[in-house]
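The values are calculated or read from the model by the stated rules, or taken from the named source; none is laboratory data. Just so we're clear, the structure is a prediction, and the values are computed from it rather than from any experiment. Quick reminder, even Gly has a Cβ in these numbers, built from the backbone with ideal geometry, and neighbours come from all protein chains shown.
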Amino acid sequence: MNFKALPNNTTKKPSNMKKLLIPIIIIGVIAYALFNWGIGVNNEIIEKEGVAVAQWANVESSYQRRADLIPNLVATVKGYADHEKETLEAVIKARAEATKPTINVDESALTPENMAKFQQAQQGLSGALSRLLVSVERYPELKADQGFLELQSQLEGTENRINVERNKFNGLAGAYNIFIAKFPTSFVADYIKKNALGLFKSAPGSENAPKVEF
């Protein structure tokens with residue numbers, strides 16, 4: 001009896017399995033690397049955004065400190081220059097407007113539109129204060145008042161602090177905006193719906209802190 005040898009396919013199966021397994025492993029490694037990269041970028045975005053938002057709280061605190069000084073300033077001026085009623089009322093109105101557009105410490109609220117409204121209101125108060133201080137020049141006794149001198153020191157310190165905190169915020173928010181705009185980080189930022197933060201824009205003469213003189 002002659003027996004024909006059956007074809008042996010057992011040796012080919014491991015070879016085919018290896019061919020299939022190698023691409024699967026490569027795809028798995030790439031997917032794992034991309035996942036880890038995405039997690040790392042996500043965490044860095046959250047961290048940079050959180051630092052900028054925390055700095056915004058310092059900016060608002062500085063502006064609030066200035067607003068808190070206004071009532072004492074108005075009361076002191078009124079004691080010496082009651083007929084400067086129109087100027088005083090303008091300051092009071094500007095203060096009310098400046099405290100309206102308070103932006104919550106929330107990244108979703110720090111939009112360019114909200115920032116522009118906030119800055120416009122603060123500039124309105126700065127202008128009203130400047131006009132008031134010009135009128136003060138006509139009252140030597142007021143300029144020599146001890147309470148007025150104390151307010152001078154506090155306002156100067158507050159204006160300088162506002163400038164410092166505002167510049168810090170712009171630096172941190174600007175770095176965050178650049179980071180999320182860069183390729184390929186922008187893909188992660190778009191996926192988790194992160195947008196650019198609003199920045200303070202310079203107004204004429206705003207590069208220097210206002211000089212408060214009485």
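A few comments on the model shown:
- Candidates Phe118, Phe169: the one that is part of a helix (DSSP H, G or I), of a type in the set (Phe, Trp, Tyr) and free of Cβ contacts under 8 Å to residues at least 40 places away in the same chain is Phe118.
- One residue stands out among those in the range 67-103 that are among the β-branched types (Val, Ile, Thr) and surrounded by fewer than 16 Cβ atoms within 10 Å (Cβ to Cβ): the one that is nearest to the chain's Cα centre (by Cα), which is Thr102.
- Inter-residue pairs, beta-carbon under 8 Å, first under 14 Å from Pro71 (Cα atoms) and at pLDDT below 95 and in the range 148-166, second among the polar types (S, T, N, Q) and assigned to a helix (DSSP H, G or I), 6+ apart: Phe148/Thr76; Leu151/Asn72; Leu151/Thr76
- Phe187 vs. criteria more than 18 Å from Ala57 (Cα to Cα) and either touching a residue at least 24 places away in the same chain (Cβ under 8 Å) or part of a helix (DSSP H, G or I) (or both): yes
- Candidates Glu97, Glu89, Glu113, Glu60 - the one that is part of a helix (DSSP H, G or I) and either within 16 Å of Glu165 (Cα to Cα) or touching a Lys or Arg at 6+ places or on another chain (Cβ under 6 Å) (or both): Glu60
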